[in-house]
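Any read-out appearing in this document is the output of simple, stated calculations on the displayed coordinates, not a laboratory observation. It should be emphasised that the depicted structure is a prediction, and the values quoted were computed from it without experimental measurement. Glycine also receives a Cβ, built like all others from the backbone with ideal geometry; neighbour counts cover every protein chain displayed.
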Amino acid sequence: MNTLNLAATTLCACCIVCSLLTLLIPQERMKKVLNLVLSLFLLCSLILPVKSLLSDIKLDYEINNKYSDFSFSQEEYNKAIMQKTADNLVLCADHLLKNEGIEADNIRLSLKISEGESIYVSNIIIYISRDIDNRKQDIESIIYRNFSKEPKIIIEEG
């Protein structure tokens, strides 16, 4: 924006100077030459600020990828995706149970990849304490509604 203001100010100053010079020059041959020189001067005073404005724009873009030095095999990549998905689903299941007032001691989830390369939940194990044994049906209902899989509920002693 500062460059644009500078360009406008320069152009206005050049126009004023050119107008004053044309008033001072007599009406003879000299006026035609001076008009040519002043026109070129005005044109340069318009082009130079635009050129400097365009030179400030950076068109090159450097990609800064912190993982570009690492190369993962497809198997390692799939394993990392499966682990992250399982972690997120465990957090989701824990959150769903906590919303119903059920505190699970531990939740374990197994995932598999189908032939169509989609991930599905193959096994859910929920560890609960004996004092919430009476909420076992609620837990099964919540998990089945959200994961379409019957959980295995293990009651821990103590």
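Evaluation of GLY116 against the conditions (1) under 21 Å from GLU75 (Cβ atoms); (2) not in a loop (DSSP other than H, G, I, E, B) shows that the sole unmet condition is (2). Evaluating ASP131 against the criteria (1) in contact with a helix residue (DSSP H, G or I) (Cβ under 9 Å, 6 or more places away or on another chain); (2) assigned to a helix (DSSP H, G or I) leaves one unmet condition, (1).
In region 121-131, what residues are within 18 Å of GLN83 (Cβ to Cβ) and loosely packed, with under 13 Cβ neighbours inside 10 Å?
Keep residues of region 121-131 that are within 18 Å of GLN83 (Cβ to Cβ), which gives 121-125.
Hit for region 121-131 is SER122, nothing else.
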